[in-house]
1. No solvent, one uniform scatterer per C-alpha: report log10 I(q)/I(0) for region B:172-231 via the Debye equation at q = 0.16, 0.25, 0.27, 0.30 1/Å, two decimals.
2. Can you list the residues of region B:202-238 with backbone N under 13 Å from a point 7 Å past the Cα of residue B:282, pointing along Cα to Cβ?
3. On a 27 Å Cα-Cα criterion, which of the cross-link pairs A:7/A:74; A:93/B:74; B:43/B:219; A:459/A:592; A:592/A:649; A:74/B:74 come out too long?
4. Using a simple spin-label model with points 7 Å from Cα along the Cα→Cβ vector, what separation in nm is obtained for residue B:265 and residue B:167?
5. Return the average number of partner chain Cβ atoms within 10 angstrom of each residue Cβ along peptide B:68-78.
6. Taking other Cβ within 10 Å of each residue's Cβ, how do A:172, A:98 sort, fewest first?
7. Given labels modelled 7 Å from the Cα in the Cβ direction, how far is it in nm from residue A:506 to residue A:170?
8. Report the residue, chosen from B:241, B:149, B:276, that carries the largest GNM mean-square fluctuation when chain B is represented by alpha-carbon nodes joined by springs under 10 Å.
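Here, each number is a calculation from the coordinates, and none is a lab measurement. Keep in mind that this is a model prediction, so the values were computed, not measured. We place every Cβ from the backbone using ideal geometry, glycine too, and count neighbours over all the protein chains shown.
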Amino acid sequence: MRALIRKEWAQARVNVILVLAALVALWFLVFEDTDLLWPPGWSDDETMNFAALLALFAGLQLGFAQFASESLWKTRQLLTHRATGAQGAFRAKCLVGLTGATVFAFGPPLIWSLVQRWNSPWQHDGMWSRVLDFALVSTIAWSAWSYAALCSQLRHGMGLRCLATFTAGAGLFGVAALGSMALLHAPAWCDWLFPVASALMALVVAWCAGRAFCAGVDPDIPLRNRAGIALASGLLLVAGPPLMLVGRAASSFAAGELRDSFAVLAILPEGEVLRADFDRDGFVVRRDADGREHEDARLRDRESKHPRGWRQGVLTAFAPYWLDWGWPEPDQKMRMVARGRAFAFGGAWTPVAPWRRIDINNASIARGEYFEHRTGRYHVFLSEEGRPRHVQWATNASAQCVRVWNVADRTHDVLVDLERLTMLRRVEVDGRFSMVEAHLPEGDRLLGVERLVTSAWAKVGYRAPFSYENAGVLRGERGLYVPSGDGFAPYVMEEGATSVPTSVADDMQRYSVSYAEYDALDPTLEVVEIASGKQLFLGSVARPGIGQTATHALAYLACFCAPPPSLLLSYSRATPWANRSAWDMHALLGGKRPWLLALGLGFAAWLAWNVHKEARLWRRSPGLAIFWTAAVLVLGLPAWVLFRWCEPKPAAQPQATAKAGRRVESMA
Amino acid sequence: MTDLIRFQDVTRSYRGQAVLTGLSFSVRQGEIYALLGRNGAGKTTAFRILLGELLPHSGRAELLGESSENLSAKTRSRVGLVTEGHPVYPFMSIGDLVEFEAGTQSTFDRAYAVAALSRLHLPQAASLRALSRGQRSLVVLIMALATRPKVLLMDDPAMGLDAAMRREFLDAMIELLGEQGRSVLYSSHILGDVERVADRVGILHGGALVADMELDQLKRRISRRFVKTARPAAEWQASVPGLLRVQLERGGARLVLFDDGSRGEAIERALRALDPALPPADGLSLEEAFLELTAGPVVLGAASGVNP
């Protein structure tokens, strides 16, 4: 075994060293302007994903290279035909591969942070525990290695093995991204779940890969029932979702293209509703008495050709697809808060490269203030007299905190704890900082925060969030307030204000816009004046044409790639994308096109029947045949693709022997 | 004597194309068996089936008494292997390879390997990547023999070597094999090599063996005869047993005949019926015999040593 391990290490060491060097270089290049060690970091999700992506790629390529090189050098027979057998060979590969993956996982963050530790002027303030988070999320390299090892055992050519590895990698990345995002907002001890899950997955998948490796490369040798099902389940779990997303992406693309092509509706000051077109020279299209459409010159802006309609007071123009963004929807003031993201609490911020010796006297890098929702800590970074300083407080605030500021001057922040309905404010006295509790004036009780929305579309009931996602005002029992100076001032709506609190926007609504008949590909809209109940518009906003027909065809086609349950769900859904789902098939949403539903389900059933027939014909075990049939019935075309990857068509039985006969040759 | 290698009616095809259609033969202890066949005849497939890398569609292959489908590690360690192209790990030196073999083969004789390498002027420090094909083939052969195998499998070991290298390889092989008595299954399509080393020959054609006998026997049993007859070939060819080829010439026909050991007299009688003044037979070289047996469709009896 030791000889095998030595051989595997000799084979993999160049790969490990070069890739590790490349990963470290990438860490330094990518994080040149970002300080990962300053809590809580600007974009933790992205940094975590980046760390996971690099480790994942490194693990995948190592696993693939270890097995592909045996094929390339034709040394598989040399390796397995010895006393140690195929099992010993695989174990050695596994040991070296997973060790290499561990190096990829822990190496780059460790080296990067060590360099920071020695070079950064902020070294005393860095949160070194964060390095562990990156290392833990990078343990996805273990699973990646195992999946590459598994995909390398597929009884197909190198191209398909590569494709399978890539697909499995994409799936794993999805899993890692979701996992890391969840962990970022979970208690700190949950961090350890990630490497534990990755290690377990790596072990299970490696076991399957080992079975496949020992079974050899003959497509006529099917894996035994349990190993076959384990292999298939593993691949379905990871490579299935990316394949399923192909249909979903096609469907979304088609729906997006169509939405962009829909006409815009413009409500004129006198209450008339017109269909408008941004893409054409004349902005507004008017339908005359005999039904023909023509441009309305009154509304054309001849100088800029920009729609005059966007100017307040002239008309209200809106795109019907905004309805798909959740409009009309009740007050969304709490929505952003629920994400629980860490955010900048206030102060100026300039990214620094702490691994460089920077001029810390430079005032522009002086300040950063953060609230870290995960720990409830509030951090202030300062540069005072050329020395970096980091101050932090345990605020005891809940994760449901939001920052509210004065939109006019973008200062005077308060940290509002929506769960406990308390407020905190940072105060500075003689260079010393402290967090103090804040209260609304005159003993008013805090009820919550109202989001600021764009006033332009308040008339039609669209609550477009104002420029900054956390922009809001404080609602007390006796009114609305904004932070001002060291206290709070009552909110006063200025004339022509571009943003208004949600409750004010509710009072401004004059029209109701809704789908009269919902169809993602050809919706019918209705505009009603609320006061009079008069219907101002009822009609389709789709614009027929070749492009639209082609896009429809793409949306229909996507239904063939979709899992049958998602077809049924999409068909049964009466409402559009208010709660977007990864399974939506836009052509079927709202119970449209039963023929397409029947075709999609029929196609999946036909695939399942074919899979069952082939599995039996190819002498696969009954359990495996049932497994694959069920998988195709549930997951449709993607499962069929995976079936063909996992279970290649075996060589056909021999034909009749060569024809016998004597040779009779004539003399030339 | 015990059969160390046995194929029993093995069939196998790729993508519907039949490669082996009923291969049956065995290799006895201490015997050097040459499996001959043209390119694509199925020699490598037979080797891969024997090593358990491929499954037969029907039939059975055995190595050292074990089914090839489930070879134990112990059996594998008693089988030396020299494969086509002599694949080795390019990142290793000869010394590394010796260490690798010593660490993974329980029966590996390091002293033998070192001595053999030294005798053939192959320095242990040399990188395998830098060796010529001929040198690499010698290294692989030495490694295979150093495991002291009971059976040595060599799949076209001289393929791709030029004449000089082939001779060098063959000399080394004979020398090294001479030191130890073991069964060898040797596949090749270079007949000169076979004549030097093989005890027995199997000729693979059409997916099965068309001849399976000792080398001298094979040369004796394939003969060329000229018969003087004015009768058209279609009238009499069915009556001549073991007829491989009929070449019509002025005043008669030149026949190539194969006697599987049971039909010598029948052949003689049939030919004398055609030409009472039958001239004596011409002998064929192994190459000519091989070409006659593998040049096209053949009809052979089902007597012992020959597959129909």
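1. -0.65, -1.15, -1.25, -1.37
2. From region B:202-238, the list is B:223-227.
3. Details: A:7/A:74 16 Å; A:93/B:74 21 Å; B:43/B:219 22 Å; A:459/A:592 31 Å; A:592/A:649 38 Å; A:74/B:74 23 Å.
Long pairs (Cα-Cα over 27 Å): A:459/A:592; A:592/A:649.
4. 4.7 nm
5. Working: counts 0, 2, 0, 2, 2, 7, 2, 1, 7, 5, 1.
The mean count of partner-chain Cβ atoms within 10 Å per residue comes to 3.
6. Values: A:172 30, A:98 22.
Least crowded to most crowded, the residues run A:98, A:172.
7. 4.5 nm
8. B:276
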